[in-house]
Amino acid sequence: MSGMDFFGHQERAQKATSRLVLLFVAAVLAIIVSVYFAVVGLLLATDTHGGGAFQPLVLLAVAAGTLLVVGSAMAFKTAQLRSGGGTVAEMLGGKLVPLDTTDPQERRLRNLVEEMSIASGIPVPDIYVLDHESGINAFAAGWSPADAAVAVTRGCLEQFDRDELQGVIAHEFSHVFHGDMRLNIRLMGVLFGIVCIATVGRILVRTVGYGGGRSSGKGKGGAAGVVLFGFALLVIGGLGLLFARLIQAAVSRQREFLADASAVQYTRNPRGIGLALAKIGGLGAGGGRLQNPHADEASHMLFADGVKRFFGGGFATHPPIEERVERVLPGFRRHLASAESMVAAAAATPAPAVAAGFAGGGAARAAGSRAAPVAAADLMQHIGAPQAHHVDAARALLADLPLELAAAARERPRVTALVLALLLDRDATQREAQLALLRGVAETAVHEARVLFQLVVRLERNLRLPLLELAMPTLRTLSETEREQLRAHARALAMADDRLTPFEFALLRTIERHVRLAHEAPPRPRQQAAPLVHRPEQAGVVLSVLARVGAGGDEARAARAFAQGTGRLGMSTLQLLPTGACSMSDLEAAVDALADVSPYGKRNLILACAETAGADGYLDADEADLLRALAGLWDCPVPLLPGATSARPVTT
């Protein structure tokens with residue numbers, strides 16, 4: 001899978017959302033027509049209204065009522081899921097895995113999620129376990145990587161070894177990268193709206209029917225009519241359920257093949273996910289089944305089908321297990337014919353050769369070389385598609401972290417001090433000036449930050465942003481007041497010298513994006529994406545900043561880098577901005593304005609950024625930090641980049 005495919009999948013996810021809207025409209029129209037005929041039939045049968053089969057006023061009333069009920073239910077469910085993936089996980093009975101868990105199965109799960117997150121360039125998501133589910137299943141949920149959650153069942157932890165669990169986690173991360181999560185949550189809201197008609201019918205039957213039993217005469221006949229109408233709504237609700245299942249199947253099945261293939265690319269281990277699927281298939285139809293009553297509405301986002309199907313494969317949200325295993329382990333079906341089980345057949349099937357990814361961002365370079373060669377095309381190839389060497393590099397990187405810093409990243413009392421320590425200046429005088437800003441308001445954090453700084457200052461530069469990403473789950477546990485103070489104190493330290501380095505920019509924007517306050521909704525892409533050609537000024541600001549960061553004050557080098565980037569965009573008329581016209585506030589505004597650019601527009605923009613930053617053939621630490629931060633803010637995760645120890649401020 002290539003980086004270009006990442007943007008193509010993002011584009012297809014947006015188109016799938018449009019198809020979802022069309023299917024939803026078709027379902028609602030069918031429901032309106034069905035309810036209309038039920039109402040007219042009731043009116044004619046009870047002789048309470050004259051007229052023929054077509055009664056415009058009744059049709060108008062039915063349409064308005066149906067739209068009100070369906071729309072209100074859909075809005076309610078979407079609002080309920082506003083907070084992101086954690087809400088879905090908790091709805092399905094998930095328990096947040098403690099940061100300091102002593103459960104060896106949960107510790108293994110956390111290690112795998114952290115490795116995949118650091119390798120791919122996204123902060124570690126919240127991790128949940130469905131403790132009461134013995135079936136083998138998993139899912140990722142959220143509006144974007146900024147509020148993602150990854151969840152697995154207890155059965156998944158108990159029955160999978162490390163390779164198999166890694167394959168499942170990699171599969172779920174594919175859904176994170178390709179925009180599937182956002183579509184899944186929207187789908188949950190749509191389905192809830194569609195099936196709510198049956199709920200209304202059930203309420204009418206139970207309440208009016210119960211009350212009607214104590215009525216008499218004309219009132220009793222009216223109640224009976226309402227009960228009949230309730231039964232009609234129940235039947236119509238079945239039609240809505242049929243549409244819901246068709247929509248689920250239409251938008252989810254092919255994405256599972258993609259996620260399986262992605263998992264192979266991320267881990268370079270087809271046998272891991274192949275055996276995981278075979279174990280589920282070997283348990284029969286109930287292998288992945290969930291007992292939670294909400295499993296049905298979330299079945300389209302699960303790793304394997306989680307509910308019982310009564311109408312055959314046409315309504316299944318997932319392809320057949322055998323077909324999925326065959327795609328990752330070709331020849332599996334041939335072995336299945338003579339094997340005693342699906343697991344035995346998968347184990348006997350030779351794993352196909354998987355092409356190794358580009359090694360330019362591999363473990364050796366990610367481990368801390370001063371500067372490493374980079375080609376924009378190679379970098380683009382791995383956006384949203386980390387390779388096994390990125391995962392290996394992340395594992396080595398996490399192992400290289402000093403234990404005290406890794407512990408501070410997972411401990412709520414010290415995580416704020418860790419963030420502040422990352423922002424402290426190497427120069428003692430400047431560092432004291434920074435800390436003086438917090439005296440009297442954060443004395444405990446200041447003291448702890450001093451201690452942690454002695455370790456941070458010896459930390460390789462390219463380990464610092466991954467350390468922040470590792471700390472993200474802990475930061476999300478802070479109270480509202482603590483979050484607000486952290487963001488204010490971090491910005492105060494960063495701006496103490498009236499300038500921002502690329503690392504400081506990356507840290508501040510990452511915290512502000514992922515450690516949200518109560519009134520801040522998760523970032524969501526707009527429904528109508530804008531072409532990049534509509535944002536030339538903002539693109540010019542971003543490329544000007546990148547060009548000046550890489551040039552280190554050399555005007556000629558900056559001009560050449562800027563020209564290379566704008567040439568890639570086809571915007572050669574843009575001019576390199578002077579330092580005073582591309583301030584950090586200008587950069588922040590430009591980044592926000594470019595967030596709603598179309599996926600292919602983002603592809604071209606990030607490619608231009610990579611061309612600008614790597615115009616001299618190398619990425620230094622500042623360029624790597626800034627490039628990774630910009631891509632992350634646009635929900636285009638860049639895997640581990642080669643790092644360096646030098647740091648130049650953005651002179652704005």
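The values are calculated or read from the model by the stated rules, or taken from the named source; none is laboratory data. Here the structure is a predicted model, which means the values were calculated and not measured. Virtual Cβ from ideal backbone geometry, glycine too; neighbours counted across all protein chains shown. All accessible areas refer to the heavy atoms of the entire protein, side chains included, with ligands and DNA or RNA removed. Shrake-Rupley method; radii C 1.70, N 1.55, O 1.52, S 1.80 Å.
Restricting attention to region 319-345, which residues are assigned to a loop (DSSP other than H, G, I, E, B) and either at pLDDT below 90 or open to solvent by 30 Å² or more (accessible area, probe 1.4 Å) (or both)?
Pro319, Pro320, Pro330, Ala337, Ser338, Ala339, Glu340, Ser341 - these are the residues of region 319-345 that are assigned to a loop (DSSP other than H, G, I, E, B) and either at pLDDT below 90 or open to solvent by 30 Å² or more (accessible area, probe 1.4 Å) (or both).
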Test set (1) of a type outside the set (S, T, N, Q); (2) open to solvent by 30 Å² or more (accessible area, probe 1.4 Å); (3) assigned to a loop (DSSP other than H, G, I, E, B) - Leu517 fails condition number: (2)
Residues located in region 433-457, provided they are of a type in the set (Gly, Ala, Ser) and either modelled with pLDDT under 85 or under 35 Å from the mean Cα position of the chain (by Cα) (or both): Gly440, Ala442, Ala445, Ala449
Residue that is surrounded by the most Cβ atoms within 10 Å (Cβ to Cβ), among those in region 124-160 that are polar (S, T, N, Q), closer than 15 Å to Met301 by Cα and in contact with a helix residue (DSSP H, G or I) (Cβ under 9 Å, 6 or more places away or on another chain): Asn137
Which numbered condition Thr48 misses (of (1) over 25 Å from Tyr600 (Cβ atoms); (2) at pLDDT 65 or above; (3) loosely packed, with under 13 Cβ neighbours inside 10 Å): (2)
Pairs where the first residue, in region 84-96, is open to solvent by 20 Å² or more (accessible area, probe 1.4 Å) and the second is of a type outside the set (Lys, Arg) and assigned to a loop (DSSP other than H, G, I, E, B), C-beta under 6 Å, 6+ apart: Thr87/Leu81; Met91/His294; Gly93/His132; Gly93/Asn292; Lys95/Asp131
Hits in region 445-463 (condition: open to solvent by less than 30 Å² (accessible area, probe 1.4 Å) and either in a helix (DSSP H, G or I) or of a type in the set (Lys, Arg) (or both)): Ala445, Val446, Ala449, Leu452, Phe453, Val456, Arg461, Asn462, Leu463
Single condition Met181 does not satisfy, out of (1) under 27 Å from Ala346 (Cβ atoms); (2) part of a helix (DSSP H, G or I): (1)
Scan of region 399-426 for residues that are open to solvent by 80 Å² or more (accessible area, probe 1.4 Å) and part of a loop (DSSP other than H, G, I, E, B), ordered by number: Arg426
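Can you tell me which residue among Ala63, Ala119 is assigned to a helix (DSSP H, G or I), in contact with a Lys or Arg (Cβ under 9 Å, 6 or more places away or on another chain) and of a type in the set (Gly, Ala, Ser)?
On the way: Ala63 fails: in contact with a Lys or Arg (Cβ under 9 Å, 6 or more places away or on another chain).
Selected residue: Ala119, the only one of Ala63, Ala119 that is assigned to a helix (DSSP H, G or I), in contact with a Lys or Arg (Cβ under 9 Å, 6 or more places away or on another chain) and of a type in the set (Gly, Ala, Ser).
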Any chance Arg107 is open to solvent by 20 Å² or more (accessible area, probe 1.4 Å), modelled with pLDDT of 90 or more and not hydroxyl-bearing (Ser, Thr, Tyr): yes
Qualifying residue in region 86-106 (condition: closer than 19 Å to Pro125 by Cβ, among the charged types (D, E, K, R), touching a helix residue (DSSP H, G or I) at 6+ places or on another chain (Cβ under 9 Å) and part of a helix (DSSP H, G or I)): yes
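Filter region 474-514 down to the residues that are in a helix (DSSP H, G or I) and open to solvent by less than 10 Å² (accessible area, probe 1.4 Å) and list them by number. Spell out the reasoning first.
Restricting attention to region 474-514, the residues satisfying the condition of being in a helix (DSSP H, G or I) are 474-475, 480-494, 502-514.
Selection gives Thr474, Leu475, Leu486, Ala490, Leu493, Ala494, Pro502, Phe505, Ala506, Leu507, Leu508, Ile511.
Kindly indicate whether Ala593 is in contact with a Lys or Arg (Cβ under 8 Å, 6 or more places away or on another chain), over 21 Å from Ala615 (Cβ atoms) and at pLDDT 85 or above.
On the way: in contact with a Lys or Arg (Cβ under 8 Å, 6 or more places away or on another chain): yes; over 21 Å from Ala615 (Cβ atoms): yes; at pLDDT 85 or above: yes.
Criteria met by Ala593.
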Verdict on Leu112 being free of Cβ contacts under 8 Å to residues at least 60 places away in the same chain, outside any loop (DSSP other than H, G, I, E, B) and farther than 22 Å from His514 by Cβ: no
Within region 70-83, tally of residues that are in a helix (DSSP H, G or I) and surrounded by fewer than 18 Cβ atoms within 10 Å (Cβ to Cβ): 7
Close pairs from region 540-561: first within 16 Å of Arg628 (Cα to Cα), partner outside any helix (DSSP H, G or I) and of a type in the set (Asp, Glu), Cβ under 7 Å, at least 6 apart: Gly550/Asp616
Filter result (of a type in the set (D, E, K, R) and modelled with pLDDT of 75 or more) within region 220-279: Arg255, Glu256, Asp260, Arg268, Arg271, Lys279
Test result for Glu611, open to solvent by less than 50 Å² (accessible area, probe 1.4 Å), under 25 Å from Asp498 (Cα atoms) and of a type in the set (D, E, K, R): no
Test: residue in region 297-311 that is outside any loop (DSSP other than H, G, I, E, B) and either at pLDDT 85 or above or open to solvent by 30 Å² or more (accessible area, probe 1.4 Å) (or both): yes
